[in-house]
Structure formats: structure tokens, C-alpha cells
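> Before anything else, here's the structure in question.
The values are calculated or read from the model by the stated rules, or taken from the named source; none is laboratory data. Quantities reported herein were computed from a predicted structural model and do not represent experimental measurements. Heads up, the Cβs are rebuilt from the backbone with ideal geometry, glycines too, and the neighbour counts pull from every protein chain shown. Side chains are part of the model used for accessible areas, which takes the heavy atoms of the whole protein and leaves out ligands, DNA and RNA. Shrake-Rupley method; radii C 1.70, N 1.55, O 1.52, S 1.80 Å.
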Amino acid sequence: MSLPKTLAEDVARNLVMVARLIDEDPEEAYAYARIALRLASRVAAVREAAGFAAYATQKYAEALAEFRAARRMTGSVDLWPVMADCERGLGRPERAMAMAGEPEVQKLDKAGQVEMRLVAAGARRDMGQIDAAIVTLQSPELASNSVQSWTPRLRYAYADALLEAGREDEAREWFGKALEADKDGSTDASDRLAELDGVEFVDVLGDDDPTGADTADEVAPRDEDASGDRDDEDDVRDDADLDDGQDDDEDDDQDGSVKA
């Protein structure tokens, strides 16, 4: 569906903000997604972005509705795994398992099929079926030495399931394999390995740190200087008030350019 140029630009700006913020500030990303949805609810990309923003903020019912709408508009099965994971989020793992057996899974690419396998294993764990979860994750993709984008998460999920089953030695081995494949730090496999090895992380900047609050107290102004400093502080406050006024004007301009 095509949009008038100005409207399309407004929608695009909000979608850019969704993509930029969804990892670091999901709630703010969700706010931008709602604006885009209000402006162009009949655009599949907008419904999909709104779905992921809702998913990131754990609004699973809303996310599922948006994903279903996007799928109806495009006919694509790409969102099938995340739709199944929404069912898990809603406390319906049995529905996620049912989706894992649907023909749509066979239409997914390799990454999508691995994602569906991860969701199915998670659903098994939700139902207390840890051994079945382990079996679900055992696959040619898990055994392969080839490293793909999904490899760290698949190995990590397998290690985590093994650990829950009490198979600590095997879990350590697979956390190590996950770490080897995780060049981008997408998992906390290194931390999990450290925990298994009994490594404790100590905060080197403790209460006795000479650069802490005690030092600040030592260099605080003496009482006889305090009266002379008050005038300087008043000048700083006046300057800050002026700057705040300018910042408010600038913020108004910026808000109008993105959240149109």
C-alpha cells in the first residue's frame, strides 16, 4: 500500500526510531511504534514493527495480534516462530507446540526452522518436559561445526537444558561451544561457564577506594569560603535557567520533526 509522500516520511522516521531503540529502550520504541501504527495501520511493515515493539515489552497478546495482521497482509510465514513464542509468553506452551507441528514450519528457511526448534524446546521446558526439550534441540544444526548466526543461541539453549537436567559436565562443554561461536556476545555463555567453575567476580572499587566519597569530603570547601561561593552558585543557577529555556525550545522543534 502506497502512502502520500509526507505521511510516508513521517511513518519512516518513526520506524527508524523503533529499530534504533528496541534493544536499549523497548518502552520508548513501543511509543514510536504506536505513532507509526496510528498513521499507517494498513501497512504490513508497520504492523510487524508494532508487533516486535510490543513483544520486546512483553505485551504478548498485542504482539500476537500485530503479527497475525502482518501475516494476513503478506502471506509470509516468517513470523511463525515469534508468533509461537508469543503463545508461550501468554502461558500457552501447548499451542506453541501445536504450531511447531504445522506445515508452515516446512516453509521456513533454515534460520526460521532453528528458531522454531528453540521455541518448541522452550515450550517443552515450560511444561516440565526437560528431557523432551533436550531431544528437541538435538539436530544436524546443533552437531554441525559450521557457525551461523543462530549457532550460539542453539548451543546455549542446549547447554542450559542439560544443566537443568543435572548433566553439568555436558552443560559446561556446550556452554564452551556456545562461547566459541559467539563472536558478538549475544549470550552470557562466558558468565555461565564462570559460575560452573566457581569463579566469583569482585568489585575492585570498594568502600575503601581513595577516589570515593571520603576523598570528596576532604576537598570540600571550608566554612569560611562558603559565603563567597554562594554568589557564584547563584550565577550558575541563572545560566542554567537560561539554558533550560533554550533546551525546551529545541526539544519542541525536535519532537515535531519525528513524532508528526
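> Which residues, taken from region 137-185, are hydroxyl-bearing (Ser, Thr, Tyr) and either closer than 16 Å to Ala120 by Cβ or touching a residue at least 24 places away in the same chain (Cβ under 8 Å) (or both)?
Ser139, Ser149, Thr151, Tyr156, Tyr158 - these are the residues of region 137-185 that are hydroxyl-bearing (Ser, Thr, Tyr) and either closer than 16 Å to Ala120 by Cβ or touching a residue at least 24 places away in the same chain (Cβ under 8 Å) (or both).
> So, in region 122-145, how many residues would count as being assigned to a helix (DSSP H, G or I), of a type outside the set (Asp, Glu) and within 22 Å of Glu173 (Cα to Cα)?
12
> Here's another thing I want to ask about it. Looking at Val11, Val105, which one is closer than 30 Å to Arg155 by Cα, in a helix (DSSP H, G or I) and of a type outside the set (S, T, N, Q)?
Of the residues listed, the single one that is closer than 30 Å to Arg155 by Cα, in a helix (DSSP H, G or I) and of a type outside the set (S, T, N, Q) is Val105.
> Against the definition (open to solvent by 40 Å² or more (accessible area, probe 1.4 Å) and either under 25 Å from Leu90 (Cα atoms) or assigned to a helix (DSSP H, G or I) (or both)), how does Val119 come out, yes or no?
When the stated conditions are applied, Val119 does not pass them.
> Another question about this same structure. Out of region 22-36, which residues are in a helix (DSSP H, G or I) and either open to solvent by 60 Å² or more (accessible area, probe 1.4 Å) or closer than 16 Å to Val46 by Cβ (or both)?
Glu27, Glu28, Ala29, Tyr30, Ala31, Tyr32, Ala33, Arg34, Ile35, Ala36
> Which one is surrounded by the most Cβ atoms within 10 Å (Cβ to Cβ), of the residues in region 129-144 that are small (Gly, Ala, Ser) and over 14 Å from Asp160 (Cα atoms)?
Restricting to residues being small (Gly, Ala, Ser) and over 14 Å from Asp160 (Cα atoms), the top hit is Ser139.
> Quick one: in region 155-187, of everything that is touching a helix residue (DSSP H, G or I) at 6+ places or on another chain (Cβ under 6 Å) and not in a helix (DSSP H, G or I), which residue is most open to solvent (accessible area, probe 1.4 Å)?
Out of the qualifying residues, it is Ser186.
> So Pro81 passes all but one of these: (1) open to solvent by 10 Å² or more (accessible area, probe 1.4 Å); (2) of a type outside the set (A, V, I, L, M, F, W, C); (3) within 14 Å of Gly51 (Cβ to Cβ); (4) assigned to a helix (DSSP H, G or I). Which condition number does it fail?
Exception for Pro81: condition (1).
> Spot the failing condition for Arg47; the list is (1) among the basic types (Lys, Arg); (2) buried (at least 24 other Cβ atoms within 10 Å of the Cβ); (3) out of contact with any helix residue (DSSP H, G or I) (no Cβ under 9 Å at 6 or more places or on another chain), and only one is missed.
Looking at each condition in turn, Arg47 falls short on (3).
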